[in-house]
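The values are calculated or read from the model by the stated rules, or taken from the named source; none is laboratory data. Keep in mind that what you see is a predicted model, and the values were worked out from it rather than measured. Cβ atoms come from the backbone with ideal geometry, glycine included; neighbour counts cover every protein chain shown. When the accessible area is computed, the model is the full protein with side chains, heavy atoms only, and any ligands, DNA or RNA have been set aside. Shrake-Rupley method; radii C 1.70, N 1.55, O 1.52, S 1.80 Å.
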Amino acid sequence: MASDLLSTPPPLAPPKTWDATVSWLRLIRSHRVGPTTFFRLLAEHGTAEAALQALPAIAGKAGVAKYAPFSAKAAEQELKIGKRIGATLVCYGAAGYPALLAEITDPPPLIWAIGDVSLTERPAIALVGARNASSLGTRMATSLATGLGEAGFTIASGLARGIDTAAHLATLDTGTVAIQAGGVDVTYPKENAALHDQIAKSGLRLSEQPLGMEPIARHFPRRNRIISGMSRAVVVVEAAAKSGSLITAREALDQGRDVLAVPGHPFDARAAGCNMLIRDGAALVRSSKDILEALAKPQPKAAPKTPRKRPVHNAGPAHAQILGLLGPTPVAEDQLIRDLDVHPDLVTPQLLALELEGKITRQAGGLLSRL
């Protein structure tokens, strides 16, 4: 469910000079500055340069001594490596940045791209599923991806083994986009090395992670929000009851995207997640025709939101009060604000301070949890 207190970042001019690009990269790479904090700092300070200058003082007020933003030297080195390997840095608000992705609550400020960046301008559908896919599941993914590609859609997936691999292989000629959990220059899994290279030649690879970054567990949910965020719909082919594909489906629902699923036999654990999605309202998919028909249905228009007046407040909730309401289980920021029963303007500076202190962390979809 999309929050009525969280919104997409405001229109933002991308950096136009080398120095400004370095500053953007320094800001997003600085310790404990994620996408939400990045855009919040830019909104408050106007430019990345000003935000970087303010960060040590903000961290100091949060009790973090000797805070140092990501260095200019390291940012320049990453940019130089990107140029050397033929990667393009696509900035939020710039040409080549996926339009739908810019609408989610926590879009990546910067994305590394290798391949045909013009593919981001075409409508995309995400096709995801089990890594240990069955023969039938792989054939279904191939059939769906082929049909959608022929209908003019780009296929977005995660370059994992199984369903993702089948979807990418089927759309190398019609348009495929692989969103990676690690650096865009890092091959993962190793068995997909040949496909990794093929996509760079005829498709597109994207990642928000630093170049050379090996993927770790917490990167995959962040990756999944990009897969769903840049797509008009998410189609799940095979998925266990607890799987990364269901995380992508939940992200899609939070982002207001359509979710569709291929049914499977009740005795097959790989179909449990898909069957659950269909039970809970996801459209049932038998062929690419079902997906195209679902997308052709008119969507209800959301009621326009009334702009809030921003009252002046003098004090915010204490850190202990916020931490007392948070635990290891993620909680939506708007739910936290409701529990605190205070205006959002009071909470956001406190959350920023707690992030910089390392006491809370943000997860995909604007969720907060205590560390």
Kindly indicate the residue of segment 91-102 that is of a type in the set (A, V, I, L, M, F, W, C), touching a residue at least 60 places away in the same chain (Cβ under 8 Å) and not in a helix (DSSP H, G or I) and also surrounded by the fewest Cβ atoms within 10 Å (Cβ to Cβ) among those meeting that condition.
Ala94
Restrict the check to segment 103-113 and report whether at least one residue is surrounded by fewer than 20 Cβ atoms within 10 Å (Cβ to Cβ) and assigned to a loop (DSSP other than H, G, I, E, B).
no
Can you find even one residue in segment 217-240 that is over 12 Å from the mean Cα position of the chain (by Cα), within 19 Å of Met276 (Cβ to Cβ) and of a type in the set (Asp, Glu)?
yes
Residues in segment 321-345 that are modelled with pLDDT under 75 and either small (Gly, Ala, Ser) or open to solvent by less than 30 Å² (accessible area, probe 1.4 Å) (or both) total 2
Just name the residue that is nearest to Ser288 (Cα to Cα) out of those in segment 167-192 that are open to solvent by less than 10 Å² (accessible area, probe 1.4 Å) and assigned to a helix (DSSP H, G or I).
Ala167
Please verify whether segment 135-151 includes one or more residues that are more than 18 Å from Gly244 (Cβ to Cβ), part of a loop (DSSP other than H, G, I, E, B) and open to solvent by 20 Å² or more (accessible area, probe 1.4 Å).
yes
Restricting attention to segment 229-238, does a residue exist that is open to solvent by 30 Å² or more (accessible area, probe 1.4 Å) and over 18 Å from Ile163 (Cα atoms)?
yes
Filtering segment 153-163 down to residues that are open to solvent by 10 Å² or more (accessible area, probe 1.4 Å) and touching a strand residue (DSSP E or B) at 6+ places or on another chain (Cβ under 6 Å) yields Phe153
Going by what's in this entry, would Ile125 be described as touching a residue at least 60 places away in the same chain (Cβ under 8 Å), assigned to a strand (DSSP E or B) and within 30 Å of Ser23 (Cα to Cα)?
no
Suppose we keep only residues that are touching a Ser or Thr at 6+ places or on another chain (Cβ under 8 Å) and not in a strand (DSSP E or B) within segment 357-371. Which one would you say is surrounded by the fewest Cβ atoms within 10 Å (Cβ to Cβ)?
Leu371
